[in-house]
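Presented below is the structure to which this report refers.
The values are calculated or read from the model by the stated rules, or taken from the named source; none is laboratory data. None of the values given here were measured: they were computed from a predicted structure. Note that each Cβ is placed from the backbone with ideal geometry, even for glycine, and that neighbours are counted across all protein chains shown. Note: areas computed on protein heavy atoms with side chains; ligands, DNA, RNA excluded. Shrake-Rupley method; radii C 1.70, N 1.55, O 1.52, S 1.80 Å.
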Amino acid sequence: MAVYFTSDLHFNHASIINFDNRPFANVDEMNRCMVEYWNEKVTDKDEVYILGDFSLSKKDTLEFAPRLKGKKYLILGNHDSNFKELNELFEAVYDYRKLHVNKQTVVMSHYFMPSYESQYRGGIMLYGHSHNTKAAELEEKVKAMFVENGTPCRAYNVGCMYFGYTPATLDEIIAYWNAKKGCPIF
């Protein structure tokens, strides 16, 4: 069993293609490819934590969540509707969640938090929300400022656009951000 993380899938959200510069011709292609990529990687035994913005509507969440393999957990984002059927689609629904993966404390929220639980004990913060925006650039600067001043800040954006529109393991997330040119190791 593997544990995966992702965020900001935005199923059936046509304008996200231009906003994120996603490599899809249209929303139907994006939806089809994201389901296909997900199901090629994730098995029914795997756990996937979705850190918000699964889709823009209840109808779209009801349509796409059952198509995806794995035990799915949803951390609510600003575009997610909290409705009673969510508990049938997901193993659990949270605003914020902490768990242990590979002996690491992992704190999850849709939103970046430069100060988080277990930060001084090697904890990791996973988040989404900011996409490829100026806010994402600012988040990287804030993380660097924390580290430069002696405060650990192991915070990583798990937006699907960074990982080929498929969920990623904790090791894949850390390797991606540590290898990213110009991104200091946090």
List every residue pair whose Cβ atoms sit under 9 Å apart, with the two residues 6 or more apart in sequence or on different chains, where the first one lies in the stretch 15-40 and is closer than 9 Å to Y165 by Cβ and open to solvent by less than 30 Å² (accessible area, probe 1.4 Å) and the second, anywhere, is of a type in the set (K, R) and in a loop (DSSP other than H, G, I, E, B). M30/R22; W38/K69
Can you spot a residue in the stretch 40-53 that is within 25 Å of Y111 (Cβ to Cβ) and over 17 Å from the mean Cα position of the chain (by Cα)? no
Return the pairs, sorted by first residue and then second, in which the second residue is open to solvent by 50 Å² or more (accessible area, probe 1.4 Å) and of a type in the set (S, T, N, Q), the first residue lies in the stretch 139-153 and is at negative phi, the beta carbons are less than 9 Å apart, and the residues are 6+ apart or on different chains. F146/S115; T151/S115; C153/S115
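Taking the stated definitions as given, is T43 open to solvent by 30 Å² or more (accessible area, probe 1.4 Å) and not aliphatic (A, V, I, L, M)? Break it down into steps so the answer makes sense when it comes.
On the way: open to solvent by 30 Å² or more (accessible area, probe 1.4 Å): yes; not aliphatic (A, V, I, L, M): yes.
It is true that T43 is open to solvent by 30 Å² or more (accessible area, probe 1.4 Å) and not aliphatic (A, V, I, L, M).
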If T6 satisfies every condition in (1) within 30 Å of C153 (Cα to Cα); (2) modelled with pLDDT of 95 or more; (3) open to solvent by 10 Å² or more (accessible area, probe 1.4 Å) but one, which is the exception? (3)
Whether any residue in the stretch 88-101 is crowded, with 16+ Cβ neighbours inside 10 Å and small (G, A, S) is what I want to check. no
Please specify each residue of the stretch 132-153 satisfying the condition of being over 18 Å from D20 (Cα atoms) and either modelled with pLDDT of 95 or more or loosely packed, with under 12 Cβ neighbours inside 10 Å (or both). K141, E148, N149, G150
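Can you tell me which of G159, G164 is of a type in the set (G, A, S), open to solvent by less than 50 Å² (accessible area, probe 1.4 Å) and in contact with a Gly (Cβ under 9 Å, 6 or more places away or on another chain)? Spell out how you get there, then give the answer.
Values: G164 fails: in contact with a Gly (Cβ under 9 Å, 6 or more places away or on another chain).
Going through G159, G164 in turn, just one is of a type in the set (G, A, S), open to solvent by less than 50 Å² (accessible area, probe 1.4 Å) and in contact with a Gly (Cβ under 9 Å, 6 or more places away or on another chain): G159.
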Pull out all pairs, ordered by first then second residue, where Cβ-Cβ is under 9 Å, the residues are six or more apart or on different chains, the first lies in the stretch 62-74 and is touching a residue at least 12 places away in the same chain (Cβ under 8 Å) and of a type in the set (F, W, Y), and the second is part of a loop (DSSP other than H, G, I, E, B) and crowded, with 16+ Cβ neighbours inside 10 Å. F64/L9; F64/N12; F64/F54; Y73/F90
Among (1) of a type outside the set (F, W, Y); (2) part of a helix (DSSP H, G or I); (3) surrounded by fewer than 15 Cβ atoms within 10 Å (Cβ to Cβ), which single condition is L62 missing? (3)
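Confirm whether N78 is at pLDDT below 95, farther than 19 Å from M34 by Cβ and either in contact with an Asp or Glu (Cβ under 8 Å, 6 or more places away or on another chain) or surrounded by 13 or more Cβ atoms within 10 Å (Cβ to Cβ) (or both).
Numbers: at pLDDT below 95: yes; farther than 19 Å from M34 by Cβ: yes; either in contact with an Asp or Glu (Cβ under 8 Å, 6 or more places away or on another chain) or surrounded by 13 or more Cβ atoms within 10 Å (Cβ to Cβ) (or both): yes.
Judged against the criteria, N78 is a match.
Out of the strands (runs of 3 or more DSSP E) lying entirely within the stretch 79-186, which hold 1 or more residues that are within 13 Å of the chain's Cα centre (by Cα) and acidic (D, E)? I'd like the intermediate steps shown before the answer.
Working: elements: 92-94, 96-101, 104-109, 124-127, 155-157.
Fully inside the stretch 79-186 and qualifying: nothing.
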Residues of the stretch 116-131 being surrounded by fewer than 15 Cβ atoms within 10 Å (Cβ to Cβ) and either in contact with a helix residue (DSSP H, G or I) (Cβ under 8 Å, 6 or more places away or on another chain) or of a type outside the set (F, W, Y) (or both), which ones? E117, R121, G122
